[in-house]
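In what follows, a structure is listed as structure tokens, so that the remarks can point back to it.
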Amino acid sequence: MLEKINEPEDVKKLTQKEKEILAEEIREYIIRIVSKNGGHLASNLGVVELTIALHSIFDVPTDKIVWDVGHQSYIHKIITGRREQLKEIRKFNGIAGFPKTNENASDCFNTGHSSTSISAALGMARARDLQGKNNNVIAVIGDGALTGGMALEALNDAGYSKCKMTVILNDNEMSISPNMGGLNNFLGKLRTKKLYTRTNNLLKRQISSIPLVGKPVVTAVQRIKRSIKQLVIHKMFFEDIGFTYLGPVDGHNIEKLESILELSKQVNGPVLIHVLTKKGKGYKFAEENPDRFHATSTFDIETGEPKKAKNKDYSKVFGEKLIELAKENDKIVAVTASMKNGTGLAQFAKEFPYRIFDVGIAEQHAITMAAGMAKEGMIPVVPIYASFYQRAYDQVIHDVAMQNLPVIMCVDRAGIVGADGETHQGILDMAFFRLIPNLTIMAPKDFREFEDMLEFAVKLKKPVVVRYPRGGEDKEISFEKHDEIGLGKAEVLQQIENSQLDSDSQQAVTIVAIGKMVARAMKKAQKIKQEERN
Ligand SMILES: Cc1ncc(C[n+]2csc(CCOP(=O)(O)OP(=O)(O)O)c2C)c(N)n1
């Protein structure tokens with residue numbers, strides 16, 4: 001079946017049975033590719049049926065599908081003519097692991113950072129209306145991404161706007177780790193609302209008995225929905241802010257998905273479809289361990305085990321040192337924006353479950369919340385990937401730096417990060433942090449210096465940024481010298497004797513480096529020294 005799929009039209013032609021077969025073939029194909037290239041597995045396996053249903057009902061590129069984060073767009077890429085190119089996903093000169101408008105017209109908006117899809121889709125819907133067009137606009141957002149402030153700002157605007165658009169809430173109860181927060185509890189109540197599912201069927205029956213033409217249908221749908229809502233649901237967040245809520249619907253049943261998507265097209269306003277999916281669906285190891293298979297390196301399909309053993313990295317050193325510091329100082333707390341495992345906090349969470357706060361994918365809130373804790377005497381440590389720190393820029397300035405509060409901001413994955421592409425590179429943080437007053441910024445040359453810097457940061461009692469790269473130390477260089485960390489002090493690691501200087505011009509080379517680049521600079525310096533000797 002898969003080999004026949006070169007464009008969405010090919011999916012539209014299939015029978016329901018054939019679509020089910022296609023779903024299984026797509027799963028096998030993706031598992032095989034991700035096992036070789038690495039990538040986002042569990043999230044993609046969860047949206048196979050949803051993506052097939054979307055392409056059966058909507059017409060891209062005229063209709064716009066915005067994938068939140070975009071890590072789950074592999075099936076969309078397969079269906080929109082990139083089946084063969086998927087084999088080179090995330091590789092140099094291969095296709096990207098996220099939607100890219102310059103890669104294919106069906107990718108209508110670039111994503112990578114979470115919680116942007118509803119804003120972008122609402123913008124597209126408004127642009128459509130102003131230009132008298134009539135295409136559909138759909139945002140596909142996970143329950144994890146929904147915890148991001150931007151998504152909630154957009155829901156607020158979209159619900160009130162009355163603009164025709166569809167938000168698909170892909171609810172698998174997981175962010176990277178299990179989803180946290182009050183919204184997750186609220187969704188939990190909707191997930192189990194059997195009564196509502198039944199009434200929803202009633203709604204569908206009533207709607208199908210109304211002739212499907214123009215505005216009267218819409219008004220009728222909304223009137224029926226309102227009356228049912230008043231009957232059975234006391235308080236419905238989505239409905240109350242202006243959305244027509246449809247669902248919950250089984251996200252692995254293509255037929256049901258298609259019928260609810262079709263239904264959403266009839267509503268002339270914002271619709272939210274609540275789709276229940278299983279992260280990792282169809283691959284035993286990913287179903288059992290969706291966090292590990294959220295984003296994975298290469299692995300063995302039979303055992304699910306990684307092909308390469310993971311070396312000690314900076315995130316691990318961070319987690320271990322933080323535990324040590326937290327044992328000595330009970331004011332130390334950790335704050336994470338839904339990245340407990342990635343930032344090395346898993347063990348800390350086990351040892352100090354009451355001193356770690358997972359605030360959801362909410363970097364802005366994480367920083368201001370940490371500022372509040374710091375104001376009242378705690379020492380919050382907030383590890384966030386460099387590219388996601390971009391989200392919290394104003395909070396770092398306004399809430400932490402200007403009040404000179406002792407928040408320790410740990411900038412993980414600083415520098416080039418590789419296969420996730422341009423949205424995930426940590427290349428701007430040094431430029432933007434250095435503009436902010438009151439910040440002490442450090443970058444360690446190796447693990448030992450990183451530990452010293454964390455100790456120093458705790459003692460400093462001021463806002464501190466420590467940036468460190470993805471991965472581990474440089475294997476070829478081991479530093480013996482470790483000066484005590486001091487404010488504004490550089491460390492001289494190697495000096496060339498005066499006699500070695502060029503005798504005529506007395507010229508010398510000075511290499512100044514920070515962080516990971518110190519090892520590289522050392523290698524160069526050693527080479528120069530060697531050349532001088534020869
Ligand atoms: C601003 C930002 N912070 C963190 C991340 C890292 N991240 C990527 S996907 C993800 C979880 C997304 O969960 P959800 O939206 O529920 O999608 P799922 O993978 O469960 O389908 C996180 C935290 C990100 N992409 N953007």
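Read-outs throughout are calculated quantities, based only on the coordinates presented, and are distinct from any laboratory measurement. Only a predicted model underlies this, so the values are computations on that prediction, with no experimental measurement involved. FYI the Cβ positions are ideal-geometry reconstructions off the backbone, even for glycines, and counts take in every protein chain you see.
Assorted remarks:
- Straight-distance crosslink candidates among aspartates and glutamates, where the alpha carbon sits under 14 Å from Lys12 and sequence neighbours closer than 8 are dropped: Glu20, Glu49, Asp59, Glu255, Glu258, Glu262
- Spatial separation of Cα centroids for the range 237-261 and the range 287-308, in angstrom: 31 Å
- Partners of Lys281 within straight-line reach, counting lysines whose Cα lies under 18 Å from its Cα and excluding those fewer than 8 residues away in the same chain: Lys19, Lys256.
- Counting every other Cβ atom within 10 Å of each residue's Cβ, Met402, Met150, Met430 order from fewest to most as Met402, Met430, Met150.
- For the range 64-149, chymotrypsin sites (Phe, Trp or Tyr not before Pro) meeting the loop criterion (DSSP other than H, G, I, E, B) and having at most 13 other Cβ atoms within 10 Å: Phe92.
- Taking GluC sites (Glu not before Pro) across the range 369-472, the ones in a DSSP loop with at most 16 further Cβ atoms lying within 10 angstrom of their Cβ are Glu376.
- Nearest-0.05 FRET efficiency for Lys162 and Asn134, computed from C-beta distance (R0 22 Å): 0.90
- By average C-beta atoms within 10 angstrom, highest first, the peptides 313-321, 129-137: 313-321, 129-137
- Counting charges near Asn110 (Lys, Arg +1; Asp, Glu -1) among other residues having Cβ under 14 Å from its Cβ returns a value of -2.
- Rounded Å value of the spacing that divides the Cα centres of the range 88-131 and the range 166-190: 23 Å
- Protection proxy ranking, peptides 323-330, 353-360, average beta carbon neighbours within 10 Å, highest first: 353-360, 323-330
- Residues whose placed amide H lies under 5 Å from that of Ala139, excluding near-sequence neighbours: Val66, Thr166, Val167, Ile168
- Crossing angle, helix 447-460 versus the chain [Cα axis fit, 0-90 degrees, rounded to tens]: 80 degrees
- Cα long-axis angle, helix 149-161 against the chain (0 to 90 degrees, to the nearest 10): 30 degrees
- Estimated FRET transfer efficiency when R0 is 56 angstrom, pair Thr192-Arg434 (beta carbons, to 0.05): 0.65
- Between Arg448 and Val509, the modelled labels are 2.6 nm apart [label points 7 Å from Cα along Cα→Cβ].
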